[in-house]
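> Before I ask anything, here is the structure I am working with.
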Amino acid sequence: MSATTVKDLPKELLIADNLKGELLQEHNLKHTEAEEKNSLPTAEDLKQEKTHQNIITGIEGFKSDSLKPTETMEKIILPGEEDIKTEKTIQGILHGVEGFENDKLKNVKTREPVSPCAAMQIELARDSSLTAVSDFDRANLKKAETTEKNPLPSSEAIAQEMEHIKFIHGVEGFENDKLKNVKTREPVSPCAAMQIELARDSSLTAVSDFDRAKLKKAETSEKNSLPSTEAIAQEMEHIKFKVGIEKYDKTKLSHTETLEKNLLPTQEIIAMEKSQ
């Protein structure tokens with residue numbers, strides 16, 4: 001192969017005249033010396049490094065034989081009354097949602113937004129209503145008397161209410177000191193479960209093989225304890241109370257008249273309403 005001359009090279013590979021001139025001309029550069037800076041660690045860094053090294057050395061040199069055997073005790077904390085009520089409420093809501101039938105839903109039509117023309121008509125009708133109210137003559141109103149009817153509750157409703165009140169008083173007046181301490185039993189081990197199962201099988205076998213001819217005849221006497229005097233007195237008072245309510249004479253009630261005061265808006269309130 002023949003060597004290529006500079007003339008034969010493309011212009012793209014040649015150095016431009018301007019760049020060549022800048023490279024060959026003299027430059028007034030200053031002499032500088034490079035300094036290497038190696039910052040020493042501070043006292044805090046040294047303390048942290050020593051602490052870290054001591055921890056690592058202590059962990060590596062620790063003897064597991066010096067550890068004492070311990071037994072883990074599992075404590076089960078029972079939920080409180082509020083937690084139980086909350087959980088029951090949540091469960092009731094979830095069951096109600098899951099068991100809800102979609103067939104019971106009613107068809108609902110979505111109302112379209114009111115057009116500007118309809119809004120203007122509503123506003124005009126509102127202004128005309130306020131004008132009619134402000135110009136209304138109170139002298140044209142007729143006097144009316146209101147009769148209030150208050151039906152007395154039935155004997156069944158009164159009995160249910162009394163039972164509900166007694167139940168509430170019993171719950172509120174309950175003394176926590178009367179509760180007994182209860183110890184939670186730990187789960188049975190497989191060995192103990194096997195022993196219980198064997199004892200049960202042996203008991204069933206003994207019962208099935210038992211000779212009924214060895215049983216003696218016995219007579220059962222039924223005891224029906226009579227109520228105390230206090231219970232009888234309370235029941236008699238309750239019966240008298242119910243009889244008094246059922247036989248109450250409604251004609252002894254005095255007639256009452258209820259006066260209903262309906263204040264009409266003043267001129268100032270109507271003017272403020274119109275301005276809004």
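The values are calculated or read from the model by the stated rules, or taken from the named source; none is laboratory data. On a predicted model such as this, the values are computed, not experimentally measured, just so you know. When we count neighbours, we look across all protein chains shown, and the Cβ atoms used for this are built from the backbone with ideal geometry, even at glycine. Please note that ligands, DNA and RNA were not included when accessible areas were found on the heavy atoms of the full protein model with its side chains. Shrake-Rupley method; radii C 1.70, N 1.55, O 1.52, S 1.80 Å.
> Only one of these is outside any loop (DSSP other than H, G, I, E, B) and either farther than 30 Å from Lys274 by Cβ or small (Gly, Ala, Ser) (or both): Glu222, Glu197. Name it. Step through it out loud before you land on a result.
Working: Glu222 fails: outside any loop (DSSP other than H, G, I, E, B).
That would be Glu197, the only listed residue that is outside any loop (DSSP other than H, G, I, E, B) and either farther than 30 Å from Lys274 by Cβ or small (Gly, Ala, Ser) (or both).
> Conditions: (1) part of a helix (DSSP H, G or I); (2) of a type in the set (S, T, N, Q); (3) open to solvent by 80 Å² or more (accessible area, probe 1.4 Å). Thr86 meets all but one. Number of the miss?
(3)
> On to the next question. Starting from residues that are in a helix (DSSP H, G or I) and in contact (Cβ under 8 Å) with a residue 12 or more places away in the chain, keep the ones in the range 128-158 and report whichever is most open to solvent (accessible area, probe 1.4 Å). Walk me through how you get there before you give the answer.
So in the range 128-158, the residues in a helix (DSSP H, G or I) come out as 128-134, 138-140, 155-158.
This time we only want the ones that are in contact (Cβ under 8 Å) with a residue 12 or more places away in the chain, so: 130, 133-134, 138, 155, 158.
Values: Leu130: 38, Val133: 76, Ser134: 24, Arg138: 140, Ser155: 42, Ile158: 33 Å².
The selected residue is Arg138.
> Looking for whichever is of a type in the set (Phe, Trp, Tyr) and over 47 Å from the mean Cα position of the chain (by Cα) here; the options are Phe210, Phe241. Which one fits?
Details: Phe241 fails: over 47 Å from the mean Cα position of the chain (by Cα).
None of the other options fit; the residue is Phe210.
> Determine, yes or no, whether Ala125 is at pLDDT below 80, small (Gly, Ala, Ser) and part of a helix (DSSP H, G or I).
Details: at pLDDT below 80: no; small (Gly, Ala, Ser): yes; part of a helix (DSSP H, G or I): yes.
Spelling it out, it is not the case that Ala125 is at pLDDT below 80, small (Gly, Ala, Ser) and part of a helix (DSSP H, G or I).
> Could you look through the range 179-209, keep only residues that are of a type in the set (A, V, I, L, M, F, W, C) and within 19 Å of Met73 (Cα to Cα), and pick out the one that is least open to solvent (accessible area, probe 1.4 Å)?
Going residue by residue through the range 179-209, those that are of a type in the set (A, V, I, L, M, F, W, C) are 179, 182, 188, 191-194, 196, 198-199, 204, 206-207.
Narrowing further to those that are within 19 Å of Met73 (Cα to Cα): 182, 188.
Working: Val182: 129, Val188: 84 Å².
Only one residue fits best here, namely Val188.
> Yes or no: Asp103 exposed (fewer than 10 other Cβ atoms within 10 Å of the Cβ) and closer than 30 Å to Ile269 by Cβ?
On the way: exposed (fewer than 10 other Cβ atoms within 10 Å of the Cβ): yes; closer than 30 Å to Ile269 by Cβ: no.
Answer is no for this residue.
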